[in-house]
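Engineer: Pasting in a structure now, in structure tokens, and then I'll have a few things to ask.
The values are calculated or read from the model by the stated rules, or taken from the named source; none is laboratory data. None of the values given here were measured: they were computed from a predicted structure. Heads up, the Cβs are rebuilt from the backbone with ideal geometry, glycines too, and the neighbour counts pull from every protein chain shown. In case anyone asks, the SASA skips ligands and DNA or RNA and just uses the protein heavy atoms, side chains included. Shrake-Rupley method; radii C 1.70, N 1.55, O 1.52, S 1.80 Å.
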Amino acid sequence: MEERNNTDSIREAAEEKLVNDAFQHLLDSYLNTRHRKKVDLITKAFNFAKQAHKGVRRLSGEPYIMHPIAVAQIACSEMGLGSTSISAALLHDVVEDTDYTVEDIENIFGHKIAQIVDGLTKISGGIFGEQASAQAENFKKLLLTMSDDIRVILIKICDRLHNMRTLASQPANKQYKIAGETLYIYAPLANRLGLNKIKTELENLSFKFEHPDTYKAIEDQLADTQASRDTLFAEFTAPIREALDKMGLEYEIKARVKSPYSIWNKMQNKHVTFDQIYDILAVRIIFKPKKREEEVNECFNIYVAISQIYKSHPDRLRDWVNHPKANGYQALHVTLMSKQGRWIEVQIRSDRMDEIAEQGFAAHWKYKEGEDEIAEDDGELNNWLRTIKEILDDPQPDAMDFLDAIKLNLFASEIFVFTPKGEIKTMPAGCTALDFAFQIHTFLGSHCIGAKVNHKLVPLSHKLQSGDQVEILTSNSQHVQKSWINFVSTAKAKSKIQAILRRDAKETQKKGEEILNNFLQKHSLEPSSSIIDKLCDFHEVQKPDMLFKALGEKTIILGDKDIDEITGKKKKQGASWRKFVPFVGRDKKKDSEDKKRNYFIVKEGFNRKKPIYITDENINQFIFPSCCHPIPGDDALGFIDGMNHIEIHKRSCPVAAKLKAGFGNRILDAKWDMHKQLFFDATIELKGIDRIGMLNEVTQVISEELNVNIHKVTLSCEEGIFDGSLELRIHDRDDVKNIINKLKKIEGLQEITQVV
């Protein structure tokens with residue numbers, strides 16, 4: 001007994017030291033910043049949180065207080081935030097996880113810290129209906145609180161980053177939920193706030209947990225090609241260093257290597273292999289300007305000097321110095337042709353620009369040097385928050401729609417457009433004249449009939465380019481059209497159009513209801529739900545609202561047949577043509593219901609933490625939607641649908657991305673346990689230089705693979721370039737890999753990609 005007590009006290013002492021060392025490291029980091037030194041406040045917050053979380057442990061087994069300390073450390077060291085934020089970060093879980101209230105925090109730490117802690121608590125708590133997306137609802141709350149104080153969102157991002165760094169202790173289904181949500185919500189948000197370093201780490205960690213094998217393969221390839229990159233970097237930068245030394249500049253040159261997530265993304269989107277990505281290496285020149293007001297000119301002086309050494313690409317000069325991105329990013333990007341025959345991007349930025357690019361404008365914008373109070377000179381950020389506020393004021397009926405709308409605005413690359421008076425407006429790339437109209441004013445957008453772009457008449461759907469001057473033409477007789485939703489691209493325009501259409505639809509429904517009531521009154525009938533249901537069945541509309549809308553729009557005209565239907569005097573004659581078509585209507589429904597009976601049903605008490613295994617015997621019990629076509633060997637996950645059946649998706653599927661972010665509690669880990677008995681479809685696309693015997697060699701490679709049948713071959717040849725696709729019947733992903741590797745050996749085959 002005494003021995004056990006000894007062991008416990010040794011462990012407690014070790015944990016106490018671990019916690020105190022972590023806190024001391026936080027204090028040391030804070031004392032090295034330019035903020036006013038409010039050490040007492042931070043120490044008080046630490047002692048309070050330590051006491052509140054006493055005895056609680058994380059899944060990894062360490063004391064819970066280590067999490068708030070780590071979040072505060074990120075806020076301090078990686079975002080450059082001050083004592084208010086550090087204290088709020090230390091206290092961020094107290095209200096949610098202990099008996100203390102926001103009022104207690106306010107009494108001890110004051111209004112500002114309590115307000116931030118309250119905002120953070122609002123985001124993480126909340127119970128929503130099964131069908132509702134808890135995360136999307138949380139995201140709404142997050143943006144609402146963010147409008148009060150940007151620090152809420154900054155600390156939330158720190159919290160998410162630490163959770164991602166310690167994600168290994170969570171079960172696999174939780175990992176996919178958190179990683180998917182991070183990619184869908186938090187990485188774009190960090191990007192929009194200019195937190196480039198954090199955005200990259202969030203993306204990489206999400207990728208690492210969702211596709212561990214692919215992540216490791218890319219890391220290994222990066223390690224294998226490191227030496228050749230180092231040589232290229234040294235040879236490429238030597239003459240640049242010489243030129244900058246002559247100019248008498250204080251500078252450093254860094255190599256920027258593309259992150260594994262960015263590489264994978266490019267491989268997916270462009271259907272290329274690792275070896276075909278040529279922009280893995282970029283060069284960053286960071287200089288200290290001789291005079292702060294001269295930094296823009298000095299960027300261009302460096303550009304002139306290096307473009308005399310190397311030929312620059314005329315179409316790839318990006319001037320973010322004079323036109324910063326909306327997240328505050330400033331740099332001059334130029335692409336140069338190296339002596340090794342490779343295009344290399346060079347990013348030129350001052351030390352101040354570099355700090356903003358890495359740490360985020362939010363921190364520097366909002367916090368003046370040496371202060372911990374919010375400054376009000378942050379027009380662009382406030383414009384963004386105002387846009388979000390407008391969308392929130394008119395919330396979408398579906399939380400996921402809302403999330404998509406916000407995502408549209410989170411990280412679109414920007415263009416600059418001028419009003420007729422010469423005012424400059426920042427708009428997302430790909431926006432239309434109608435987007436621009438709604439950006440200026442809702443009235444202008446809803447009555448817009450066209451626009452003049454650079455004094456030429458264009459339709460509403462005309463896509464704007466950077467530098468366009470736009471004049472909006474309106475008419476009082478113009479009304480919002482349904483088709484507009486198909487070509488606008490900004491969240492603001494989409495939400496306003498939907499709101500107006502919903503309002504119009506309500507008015508039409510009201511009109512339809514009046515028409516029905518008058519019709520029934522005329523025939524001495526009282527409106528009732530059974531009458532409305534009979535009419536819905538008769539006219540084959542699903543809901544009463546749809547019936548009223550159709551009546552209001554006059555697409556359904558009530559007559560004697562309706563009275564016969566209501567009173568039951570006549571049997572339905574030809575009321576539904578669907579009954580006479582064998583594949584449509586109730587028969588089809590019945591068939592599909594019969595089929596569904598074989599599906600696995602998730603019952604109460606089902607252990608969602610354990611992986612589900614897909615075998616040759618049970619594969620028919622799962623639903624395989626057509627969105628991503630998973631085959632054995634793919635990184636997959638399960639999703640419990642509304643009928644408690646399990647859908648199988650690829651982890652990289654765009655539909656699955658929404659499900660992970662929106663319905664995380666229904667995600668399951670899925671593993672394959674197949675034994676090459678069943679066949680699946682896969683398509684391989686080929687491109688190359690045509691020659692005699694090429695097709696013969698291709699078919700020979702495939703027929704040598706014992707597990708593969710050719711289902712369909714499509715080939716075409718134009719001017720010596722041959723293009724084709726092979727539809728194969730294979731057992732799993734390994735079969736596809738084997739074939740692609742063998743096809744690569746055929747002379748003249750340039751590109752081989754597997755179609756998802």
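Engineer: Which residues, taken from region 260-292, are in contact with a strand residue (DSSP E or B) (Cβ under 7 Å, 6 or more places away or on another chain) and charged (D, E, K, R)?
Structural biologist: The answer is ASP279, ARG284, LYS288.
Yes or no, residue by residue, for (1) modelled with pLDDT under 80; (2) touching a Phe, Trp or Tyr at 6+ places or on another chain (Cβ under 8 Å); (3) open to solvent by less than 20 Å² (accessible area, probe 1.4 Å); (4) under 20 Å from VAL736 (Cβ atoms):
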position: VAL602; (1), (2), (3), (4): no, no, yes, no
position: GLY605; (1), (2), (3), (4): no, no, no, no
position: ARG608; (1), (2), (3), (4): no, no, no, no
position: ASN618; (1), (2), (3), (4): no, yes, no, no
position: PRO632; (1), (2), (3), (4): no, yes, yes, yes
position: ASP641; (1), (2), (3), (4): no, no, no, no
position: ASN644; (1), (2), (3), (4): no, no, no, no
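Engineer: Would a scan of region 357-377 turn up a residue that is out of contact with any strand residue (DSSP E or B) (no Cβ under 8 Å at 6 or more places or on another chain), assigned to a helix (DSSP H, G or I), at pLDDT 65 or above and closer than 30 Å to ARG229 by Cβ?
Structural biologist: Yes, the conditions are met somewhere in region 357-377.
Engineer: Quick one: which residue in SER60, SER77, SER29 is assigned to a loop (DSSP other than H, G, I, E, B) and either at pLDDT 90 or above or touching a helix residue (DSSP H, G or I) at 6+ places or on another chain (Cβ under 7 Å) (or both)?
Structural biologist: Answer to the selection: SER60.
Engineer: What residue, of ALA682, ALA661, ALA670, is modelled with pLDDT under 80, aliphatic (A, V, I, L, M) and either more than 28 Å from the chain's Cα centre (by Cα) or within 30 Å of ALA179 (Cα to Cα) (or both)?
Structural biologist: Answer to the check: ALA661.
Engineer: Considering LEU205, LEU222, which residue is assigned to a helix (DSSP H, G or I), aliphatic (A, V, I, L, M) and either over 21 Å from the mean Cα position of the chain (by Cα) or more than 18 Å from ALA70 (Cα to Cα) (or both)?
Structural biologist: Result: LEU222 is the single residue among LEU205, LEU222 that is assigned to a helix (DSSP H, G or I), aliphatic (A, V, I, L, M) and either over 21 Å from the mean Cα position of the chain (by Cα) or more than 18 Å from ALA70 (Cα to Cα) (or both).
Engineer: In region 163-195, which residue that is modelled with pLDDT of 85 or more and among the aromatic types (Phe, Trp, Tyr) is farthest from ARG58 (Cα to Cα)?
Structural biologist: In this case the residue turns out to be TYR186.
Engineer: Here's a follow-up. Considering only region 664-713, how many residues are in a loop (DSSP other than H, G, I, E, B), open to solvent by 30 Å² or more (accessible area, probe 1.4 Å) and either without any contact (Cβ under 8 Å) to a residue 12 or more places away in the chain or not basic (Lys, Arg) (or both)?
Structural biologist: Residues meeting the conditions: 10.
Engineer: Could you check how many residues of region 63-72 are out of contact with any His (no Cβ under 7 Å at 6 or more places or on another chain), part of a helix (DSSP H, G or I) and open to solvent by 10 Å² or more (accessible area, probe 1.4 Å)?
Structural biologist: 1
Engineer: PHE519 versus (1) modelled with pLDDT of 80 or more; (2) within 27 Å of LYS482 (Cα to Cα): which is the lone unmet condition?
Structural biologist: The failed condition is (2).
Engineer: Further question: For ILE127, which of the numbered conditions (1) assigned to a helix (DSSP H, G or I); (2) of a type in the set (Val, Ile, Thr); (3) open to solvent by 40 Å² or more (accessible area, probe 1.4 Å); (4) modelled with pLDDT under 75 fails to hold?
Structural biologist: (1) is the only condition that ILE127 fails.
Engineer: Another question, if that's okay. Can you name every residue in region 542-560 that is free of Cβ contacts under 8 Å to residues at least 12 places away in the same chain and surrounded by 13 or more Cβ atoms within 10 Å (Cβ to Cβ)?
Structural biologist: Passing the criteria: only MET546.
Engineer: Does ARG349 meet the test of being in contact with a strand residue (DSSP E or B) (Cβ under 9 Å, 6 or more places away or on another chain) and open to solvent by 40 Å² or more (accessible area, probe 1.4 Å)?
Structural biologist: Considered against the rule, which asks whether it is in contact with a strand residue (DSSP E or B) (Cβ under 9 Å, 6 or more places away or on another chain) and open to solvent by 40 Å² or more (accessible area, probe 1.4 Å), ARG349 comes out as no.
Engineer: Just to be sure before I move on: is SER524 of a type in the set (Ser, Thr, Tyr) and touching a residue at least 24 places away in the same chain (Cβ under 8 Å) in the structure I sent?
Structural biologist: It is false that SER524 is of a type in the set (Ser, Thr, Tyr) and touching a residue at least 24 places away in the same chain (Cβ under 8 Å).
Engineer: Within region 8-26, how many residues are at pLDDT below 85 and open to solvent by less than 80 Å² (accessible area, probe 1.4 Å)?
Structural biologist: Within region 8-26, residues that are at pLDDT below 85 and open to solvent by less than 80 Å² (accessible area, probe 1.4 Å) number 5.
Engineer: Additional query: What number of residues within region 311-335 satisfy the criterion of being open to solvent by less than 10 Å² (accessible area, probe 1.4 Å) and without any contact (Cβ under 8 Å) to a residue 60 or more places away in the chain?
Structural biologist: 5
Engineer: Being more than 34 Å from the chain's Cα centre (by Cα), open to solvent by 30 Å² or more (accessible area, probe 1.4 Å) and of a type outside the set (S, T, N, Q) is the filter here; which residues of region 715-743 pass it?
Structural biologist: Selection gives LEU715, CYS717, GLU718, GLU719, GLY720, ILE721, LYS742.
Engineer: Looking at LEU244, is it touching a strand residue (DSSP E or B) at 6+ places or on another chain (Cβ under 6 Å), assigned to a helix (DSSP H, G or I) and either among the charged types (D, E, K, R) or over 30 Å from LEU686 (Cα atoms) (or both)?
Structural biologist: Judged against the criteria, LEU244 is a match.
Engineer: When you scan region 160-172, how many residues do you find that are buried (at least 22 other Cβ atoms within 10 Å of the Cβ) and either farther than 19 Å from TYR261 by Cα or charged (D, E, K, R) (or both)?
Structural biologist: 1
Engineer: Of the conditions (1) at pLDDT 85 or above; (2) hydroxyl-bearing (Ser, Thr, Tyr); (3) part of a loop (DSSP other than H, G, I, E, B), SER87 satisfies every one except a single condition; which number is it?
Structural biologist: (3)
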